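J.: Dropping a structure here in structure tokens format, bear with me for questions.
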């Protein structure tokens, strides 16, 4: 679905929400507001225009505010009446009926069936029911159980990938190693001035391995890995977003060493403004307090790992707390050469490139991101199949396919083009030159 189609869907869902709101069907209105907010957050993530993103964020804040007032009324019965804003086209104050609490407190999902889903290696903890209960009990200590179970769903499986498996990004890999991997080997060494950084910001054009770097670090450090986004915090728990932030950090403390990976950080922690909605401001304030303020402790072994394509939109207070800011740039020529070779090799796809041809491919793919190069290799791998009939295709085995040639990749270059916007890339490089290291 294109971003424009997502936007139309979001607008239609909010229209249904306001209609249900005016019709005094507040339970249904909450459901539509939830869905519409989630849709708009997805649209904001893919919107390249800065002004459009700001405009949509302002609208989302209004919908959050309205939904928060309805939800408060639902919980308090007839004790309070949500004031309907003019943008809902209903200036009358109406007495709301008693509506059961629905929409944002949906039934929690079932707990994962393996201890690995809690970010714990299966070799260290058995996967029987008692072990799973012990892990969940430990993580849910001192937190609201319903909110806690929502956060449990953000904990991702440990993968087999390691930092050495990722091409390039030497500075980022070194920073992650010093922050989470080495302190696990000998914690006594990493105190005082050698205290690991609590915040690392990875920024750069999309598709260059920011998320993969985060997961690889979590795997090597054997950390509890929380993968959260603005939608996790803001949309499902309207009116209680700051409590979700508290729950997230408390669970990270319970399961430390932990990594809280916040993707698309700018969607949740953009620069504060005077006309900002109270809900959004409270979330940012709570995040700052939990991150590095009154609520944080020096001995906590929690790394906040942020990723964004738009660091210039982040709040200054947030930037200050990310003491290590690392620019994940497009791959250089050597990295592109290695990535092409490794992509075919890992997929066990035969190639017949000479060293000169491989160097030319690295040269031809200037401006390509890591994900662009993987897509290019996929397209090239399809070329031998396109010269076969269906009857031939039915009889051939993978080992019988011919090798991928230099000419196949040249054909693929006509199909797969660089996805990075040069103007955005220039802005990122300017920001990096002033505020960050270049990986």
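Where a number appears in this text, it was derived from the coordinates with a stated rule and is not lab data. Everything quoted here is computed from the prediction, not taken from an experiment. Ideal geometry is used to build each Cβ from the backbone, glycine not excepted, and the neighbour counts take in all protein chains shown.
J.: Give, in nm to one decimal, the length gained when the segment between residue 299 and residue 49 is fully stretched (0.36 nm per residue of separation minus the Cα-Cα distance). Don't skip to the answer; put the middle values down first.
T.: Values: separation 250, 0.36 × 250 = 90.00 nm, distance 4.13 nm.
Contour length minus the Cα-Cα distance gives 85.9 nm.
J.: Would you mind checking region 244-260 for residues with the amide N under 11 Å from a putative spin-label position 7 Å along Cα→C-beta of residue 289?
T.: Only 246 fall inside the zone, counting backbone N under 11 Å.
J.: To continue, here is another question. I want to check the label-to-label distance for residue 400 and residue 354. Put each point 7 Å from Cα in the C-beta direction and report it in nm to one decimal.
T.: In this crude label model, residue 400 to residue 354 measures out at 3.1 nm.
J.: Additional query: Let me check against my output: what whole-number percent is the relative contact order of region 333-419, with C-alpha pairs under 8 Å and at least 6 apart? Present the calculation step by step, with values, prior to reporting the outcome.
T.: Values: 78 pairs, mean separation 36.3, N = 87.
It comes to 42 percent, rounded to a whole number.
J.: Find the percent of Cα-Cα distances in region 131-216 that exceed 19 Å, and round it to a whole number. Could the numbers behind the result be given before it?
T.: Values: 2100 of 3655 pairs.
Looking at region 131-216, the distances longer than 19 Å represent 57 percent of pairs.
J.: Same structure, new question: What share of Cα pairs, in percent, lie more than 12 angstrom apart in region 393-439? Present the calculation step by step, with values, prior to reporting the outcome.
T.: Numbers: 820 of 1081 pairs.
In whole percent, the share of Cα-Cα pairs in region 393-439 beyond 12 Å is 76.
J.: Based on Cα coordinates alone, diagonalise the gyration tensor for region 29-75, multiply each eigenvalue by 5, take square roots, and list the semi-axes in whole Å, largest first. Write out the running numbers ahead of the final one.
T.: Numbers: eigenvalues 112, 23, 5 Å².
Ellipsoid half-lengths, sorted descending, are 24, 11, 5 Å.
J.: A further question follows. Between residue 62 and residue 415, with labels modelled 7 Å along Cα→Cβ, what's the label distance in nm to one decimal, could you check?
T.: 4.5 nm
J.: Can you classify region 179-251 as rounded, prolate or oblate using the Cα gyration tensor, where a ≥ b ≥ c are the square roots of its eigenvalues, rounded means a/c under 1.5, and otherwise it's prolate if a/b beats b/c and oblate if not? List each step's numbers first, then the result.
T.: On the way: a/c = 2.35, a/b = 1.46, b/c = 1.61.
Verdict is oblate for region 179-251.
J.: Note down the relative contact order for region 132-257 as a percent, whole number, built from C-alpha pairs under 8 angstrom at least six residues apart.
T.: Relative contact order of region 132-257: 43 percent.
J.: In Å and on Cα atoms, what radius of gyration and Dmax does region 333-419 show?
T.: Looking at region 333-419, its Cα Rg and Dmax stand at 13.1, 41 Å.
J.: For an R0 of 45 angstrom, estimate the FRET efficiency from the Cβ-Cβ distance between residue 211 and residue 188 and round to the nearest 0.05. Don't skip to the end; give the middle numbers.
T.: Details: r = 32 Å, r/R0 = 0.70.
For residue 211 and residue 188, the calculated efficiency is 0.90.
J.: Follow-up question, since we're still on this one. With label points built 7 Å along Cα→Cβ from the Cα atoms of residue 157 and residue 25, find their separation and express it in nm.
T.: 4.0 nm
J.: OK, next. Can you give the extra length, in nm with one decimal, that the chain gains between residue 364 and residue 177 once fully stretched, where that is 0.36 nm per residue apart less the Cα-Cα distance? Could the numbers behind the result be given before it?
T.: Numbers: separation 187, 0.36 × 187 = 67.32 nm, distance 3.28 nm.
Gain on stretching residue 364 to residue 177: 64.0 nm.
J.: Here's another thing I want to ask about it. Given the Cα-Cα distance of residue 197 and residue 271 and 0.36 nm per residue of separation, how much length would full extension add, in nm? Don't jump to the answer; show the numbers that get you there.
T.: On the way: separation 74, 0.36 × 74 = 26.64 nm, distance 2.27 nm.
Taking 0.36 nm per residue and subtracting the Cα distance, the gain is 24.4 nm.
J.: Have a look at region 115-327 and give its Rg and Dmax from the Cα atoms, expressed in angstrom.
T.: Taking only Cα atoms of region 115-327, I get Rg and Dmax of 16.6, 52 Å.
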